Amino acid sequence: MPVNIMCPNLACRSVLRVPDNVRGKRIRCGECGTVFTVPEQPKAPASKNAAPKTPAKGSN
């Protein structure tokens with residue numbers, strides 16, 4: 001799935017659409033020529049739906 005990423009050059013700020021396989025690699029902005037690294041895919045957060053651990057009844 002393609003990734004939309006903004007050029008980090010403050011004078012450019014073009015939105016680039018790059019393939020997913022370039023994550024973690026260096027690319028060049030087609031508008032201004034700035035070379036930068038595409039961020040890695042963020043890691044999935046821990047599940048918030050996990051049941052809290054409670055002690056069994058009578059196990060004081």
Query raised in the report: What's the exposure ranking of 40, 31, going from fewest to most Cβ atoms within 10 Å?
Result: 40, 31
Query raised in the report: Which FRET efficiency value, to the nearest 0.05, do you get for residue 9 and residue 43 by plugging their Cβ-Cβ distance into 1/(1 + (r/R0)^6) with R0 = 30 Å?
Result: 0.65
Report task. At 7 Å along the Cα-to-beta-carbon direction for both residue 34 and residue 20, put a label point, then send me their distance in nm to one decimal. Result -> 2.6
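Values in this text are rule-based calculations from the coordinates and carry no lab data. The shown structure was predicted, so the numbers you read here are calculated from the model rather than taken from an experiment. Because the Cβ atoms are built from the backbone with ideal geometry, glycine has one as well, and the counts that use them run over all protein chains shown.
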